[in-house]
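Visitor: Next up is a structure, given as structure tokens.
The values are calculated or read from the model by the stated rules, or taken from the named source; none is laboratory data. None of these values were measured; they are calculated from a predicted model. Backbone-built Cβ (ideal geometry, glycine too); neighbour counts: all protein chains shown. Side chains are part of the model used for accessible areas, which takes the heavy atoms of the whole protein and leaves out ligands, DNA and RNA. Shrake-Rupley method; radii C 1.70, N 1.55, O 1.52, S 1.80 Å.
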Amino acid sequence: MLLEAEDDFEVVDEAGDVATALRKVLAYRPRVLVLDLNMPGKPSLPAISQVRETSPETGIVVLTMQDDPESAREALRSGALGYVLKEATEADLVQAVRFAANGRTYVSPEFGARLAAAPLQPAGPPDGLSPREVEVLTLIALGHTNNEIATSLFLSVRTVESHRAQVQAKTGRATRADLVAYAREHEMLD
């Protein structure tokens with residue numbers, strides 16, 4: 001009702017769970033999706049990157065009760081443009097939607113101050129990669145062949161191929177170029 005009351009907003013639909021929200025984003029391709037992180041069904045956080053892949057023109061504003069900084073950071077890293085707590089003012093949500101519609105990032109000021117003050121949690125390997133899989137991926141991204149990787153890590157070529165297959169499955173990347181891009185995106189080559 002709050003968003004519908006704005007003259008320049010049009011609410012095209014609502015969804016009660018993540019799967020329905022994803023279907024409706026594909027159907028309507030909205031400029032902005034307001035996403036609750038605590039929806040029933042599938043987890044909402046992975047839906048952010050799914051929306052970014054399937055409807056890159058849709059800006060995402062997370063509206064949530066989750067006030068821990070790491071959830072906010074993960075949502076923003078995944079592609080959300082806004083992070084607004086349900087306890088924030090109505091003006092914060094409206095502002096976040098306006099910013100997202102224009103491709104700009106918005107975090108409510110009170111929460112933004114807490115987010116900036118909170119220490120960064122050390123991030124583990126992305127997508128649940130094991131330390132060995134990270135090693136193999138890094139060497140692939142640096143241009144090494146399976147034989148060279150096997151030699152440098154004291155593994156068999158077959159084991160390297162198995163690790164590579166696991167990395168490809170976990171990351172959803174199929175080609176060597178995709179793996180290089182993934183390693184760069186996750187700053188594994190620094």
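Visitor: Could you check the range 5-27 and list, in sequence order, the residues that are of a type in the set (Gly, Ala, Ser), open to solvent by 70 Å² or more (accessible area, probe 1.4 Å) and either in a loop (DSSP other than H, G, I, E, B) or touching a His at 6+ places or on another chain (Cβ under 7 Å) (or both)?
Guide: The answer is Ala5, and nothing else.
Visitor: Quick check, is Glu161 in contact (Cβ under 8 Å) with a residue 12 or more places away in the chain, in contact with a Leu (Cβ under 7 Å, 6 or more places away or on another chain) and among the acidic types (Asp, Glu)?
Guide: Considered against the rule, which asks whether it is in contact (Cβ under 8 Å) with a residue 12 or more places away in the chain, in contact with a Leu (Cβ under 7 Å, 6 or more places away or on another chain) and among the acidic types (Asp, Glu), Glu161 comes out as no.
Visitor: Only one of Pro69, Pro43, Pro30 is of a type outside the set (A, V, I, L, M), under 18 Å from the mean Cα position of the chain (by Cα) and surrounded by 12 or more Cβ atoms within 10 Å (Cβ to Cβ). Can you tell me which?
Guide: Just one listed residue meets the conditions, Pro69.
Visitor: Here's a check for you: in the range 161-190, which residue that is over 18 Å from Ser49 (Cα atoms) and in contact with an Asp or Glu (Cβ under 9 Å, 6 or more places away or on another chain) is least open to solvent (accessible area, probe 1.4 Å)?
Guide: The residue in question is Val167.
Visitor: Would you mention how many residues in the range 93-110 are open to solvent by less than 30 Å² (accessible area, probe 1.4 Å) and more than 22 Å from the chain's Cα centre (by Cα)?
Guide: 1
Visitor: While we're here: Looking at Pro109, Pro119, Pro125, Pro131 in this structure, which one is within 29 Å of Val180 (Cβ to Cβ) and out of contact with any helix residue (DSSP H, G or I) (no Cβ under 7 Å at 6 or more places or on another chain)?
Guide: Unique residue meeting the criteria: Pro131.
Visitor: Same structure, new question: Leu129 is checked against (1) under 17 Å from the mean Cα position of the chain (by Cα); (2) farther than 30 Å from Val160 by Cβ and fails just one. What number does that condition carry?
Guide: Of the numbered conditions (1) under 17 Å from the mean Cα position of the chain (by Cα); (2) farther than 30 Å from Val160 by Cβ, the odd one out for Leu129 is (2).
Visitor: Can you tell me which of Arg104, Arg173, Arg158 is of a type outside the set (S, T, N, Q) and in a helix (DSSP H, G or I)?
Guide: Result of the check over Arg104, Arg173, Arg158: Arg158.
Visitor: Among the residues of the range 46-66, write down those that are more than 21 Å from Gly112 (Cα to Cα), open to solvent by 60 Å² or more (accessible area, probe 1.4 Å) and assigned to a loop (DSSP other than H, G, I, E, B).
Guide: Pro56, Glu57, listed by residue number.
Visitor: If you don't mind, another one. Would you mind stating whether Gly143 is outside any helix (DSSP H, G or I), farther than 23 Å from Pro46 by Cα and either at pLDDT below 95 or of a type outside the set (Phe, Trp, Tyr) (or both)?
Guide: yes
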